[in-house]
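Below: the structure, in structure tokens.
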Amino acid sequence: MAKKSLRVGEKLLQDGDSVFQPYVLQKPNSTFTEAFKILRTNVQFSLKLNQPKSLLITSANAREGKTTVSANLAISFANAGFKTILVDTDMRIPTLHKEFNLPNDKGLSNYLNEEVEWKEIIHPVTVENLSIIAAGMIPPNSAELLSTPRMVSLVQALLREYQIAIFDSAPVNLVADTQIISPLMDGVLVVVSSGSTRKGDIKKIRESLQYAKVMGFVMNMLFKNTESYYQYRYKNSYYTKRASTDTDL
């Protein structure tokens, strides 16, 4: 039997490939996908999307599923007809390019370093209405880059071109990056993990994001015996291995 295949980024993916494919694309009629439709609707009404808005998605710590939520929510918005841009602002451990099978040699870090203009780092994908900005090459000074006026200009430029801009950001309790850019956003969602995110983590989040418009929290990994749990928790361990070197910021 021939392998089932579809395009996500620039390469044809086939069953058995190691590249991750957002679950909303794999199972469009699943309860997992329906959960993202509900989340999309809640965000839509909370942000009042009668004009372009920016949304940042973060988590307390590593391995809590913020990138999975970002990717699948962005696809859900695109499928609903919203012109959507998804930006990987996690320049320490970038992963969105892997999920959408895109190159990462040119992205956000290159733009912030004034090497390219923002339109040069837009990746269209075969999901209608969706475009991606990868993180780019890992810089030694991501917090400083995110603090520059070019980041402010990027947010403004994207909101002139897209109906919603979703920013996948680093875990807020591990590094300073999210705290820096969250005040630029119209709303912030925090992904928390059932059984691992602690009350102390939530308290620290509230302190770190006191100047941000926190809309609410997304509970993740709630049903550990379902396929949804597996898809939500896919290979986030790399961040844990690297994050220990970044916690002194």
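The values are calculated or read from the model by the stated rules, or taken from the named source; none is laboratory data. Bear in mind the structure is a predicted one, so any value in this text is a computation, not a measurement. In this analysis, Cβ positions are derived from the backbone assuming ideal geometry, glycine residues included, and neighbour counts consider all displayed protein chains.
Just so you know, in the range 67-109 the residues that are of a type in the set (D, E, K, R), touching a Ser or Thr at 6+ places or on another chain (Cβ under 8 Å) and over 22 Å from residue 52 (Cβ atoms) include one that is surrounded by the most Cβ atoms within 10 Å (Cβ to Cβ), and it is 90. In the range 57-68, the residues that are in a strand (DSSP E or B) form Cβ pairs under 8 Å with partners that are among the basic types (Lys, Arg), at six or more places apart or across chains, as follows: 57/66; 58/66; 59/66.
Within the range 110-147, can you find the residues that are crowded, with 17+ Cβ neighbours inside 10 Å, over 20 Å from residue 66 (Cα atoms) and of a type in the set (Ser, Thr, Tyr)? The one that is crowded, with 17+ Cβ neighbours inside 10 Å, over 20 Å from residue 66 (Cα atoms) and of a type in the set (Ser, Thr, Tyr): 111. Residue 45 passes all but one of (1) at pLDDT 95 or above; (2) in a helix (DSSP H, G or I); (3) among the aromatic types (Phe, Trp, Tyr); which number fails? Just one mismatch for residue 45, condition (1).
If you go through the range 109-166 and pick out every residue that is part of a helix (DSSP H, G or I) and not aromatic (Phe, Trp, Tyr), you end up with 24.
Taken over the range 167-200, the residue count meeting the criterion of being outside any loop (DSSP other than H, G, I, E, B) and either in contact (Cβ under 8 Å) with a residue 40 or more places away in the chain or β-branched (Val, Ile, Thr) (or both) is 15. No other residue among 73, 102 is not in a helix (DSSP H, G or I) and not acidic (Asp, Glu) apart from 102.
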